[in-house]
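Down below is the structure, laid out as structure tokens.
The values are calculated or read from the model by the stated rules, or taken from the named source; none is laboratory data. In this text, all values refer to a predicted model and were calculated from it rather than measured experimentally. Glycine also receives a Cβ, built like all others from the backbone with ideal geometry; neighbour counts cover every protein chain displayed.
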Amino acid sequence: MLKAGGALAATLAVTGSQAFAADATASERVKSGKRKIMIIGAHPDDPETGCGGTMIRLAKAGHEVISVYFTRGERGIPGTGLDESARIRTAEAIEACRLLGVKPVFMTQIDGDSEITQERYNEMHKLIEDYKPDIVFAHWPIDSHRDHANCSNLVFDAWIKMDKPFELYYFEVCSGIQTMQFYPTDFVDITSVVELKRKACFCHVSQGPERWYEKEHGRMEEFRGMQSDVEYAEAFVKFQKSSCDLQKLLN
């Protein structure tokens with residue numbers, strides 16, 4: 001049975017009682033056992049649905065967790081203008097992050113019109129360079145939603161251009177519908193926090209989660225739990241050159 005391993009597991013193992021300075025250097029964070037972790041999703045609700053349980057567990061373990069939104073979901077509310085949709089969905093994401101215990105950060109791409117250009121490569125590179133995360137979770141690149149794939153590719157390019165300074169994991173959303181050909185290397189048991197994760201996901205009221213959450217993400221949580229011999233789980237693909245041990249970060 002595959003479980004989370006490497007540095008991520010070590011991160012989740014640290015208790016939340018230890019103090020963490022947000023401006024600590026990477027070496028100081030290593031000494032303290034704390035990590036800075038970024039989850040980079042294309043739209044408000046992507047980080048929460050794909051990684052929400054893991055985000056809660058990491059935050060409860062005392063790590064600095066940052067939820068990055070590539071767009072503000074400008075086209076996510078039919079019949080509503082881009083600016084008003086962005087305002088509504090930004091507020092929903094901020095409330096979800098409050099419940100998760102993580103920090104929201106918003107980028108400047110537009111929902112449905114995301115780009116891969118030199119300017120956008122530079123923007124992603126600068127974001128990651130400025131925050132200097134130890135671990136990054138990104139969308140799996142083989143995805144039917146162009147924004148998801150574009151977001152993933154920009155993260156990967158930054159990782160390569162920065163000479164792989166952080167551990168890289170990929171997460172899934174709506175597997176089989178959006179995420180495709182996703183074969184996990186690591187699982188995180190979210191049984192103890194699954195209800196809080198769902199509350200955070202249901203903060204995205206404008207998206208009508210009551211219509212799709214259980215039949216899409218609820219089933220994924222149960223299926224990944226069956227695969228890893230727990231009740232509910234989230235699944236990830238670790239970049240194979242990574243030495244990160246996800247499981248040690250969880251306990």
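The residues of the range 201-222 that are surrounded by 19 or more Cβ atoms within 10 Å (Cβ to Cβ) and of a type in the set (A, V, I, L, M) amount to a single one, Met220. The number of residues in the range 138-164 being part of a loop (DSSP other than H, G, I, E, B) and out of contact with any helix residue (DSSP H, G or I) (no Cβ under 8 Å at 6 or more places or on another chain) comes to 4. Within the range 186-200, the set of residues being surrounded by fewer than 18 Cβ atoms within 10 Å (Cβ to Cβ) and either modelled with pLDDT under 95 or farther than 19 Å from Val230 by Cβ (or both) comprises Lys199 only.
Mind checking which residues of the range 132-146 are acidic (Asp, Glu) and surrounded by fewer than 24 Cβ atoms within 10 Å (Cβ to Cβ)? Listed by number, the list holds a single entry, Asp134.
Restricting the search to helices (runs of 4 or more DSSP H) fully inside the range 182-251 and requiring at least 1 residues that are under 30 Å from Gly79 (Cβ atoms), within 16 Å of the chain's Cα centre (by Cα) and touching a residue at least 24 places away in the same chain (Cβ under 8 Å) gives 194-201, 219-227.
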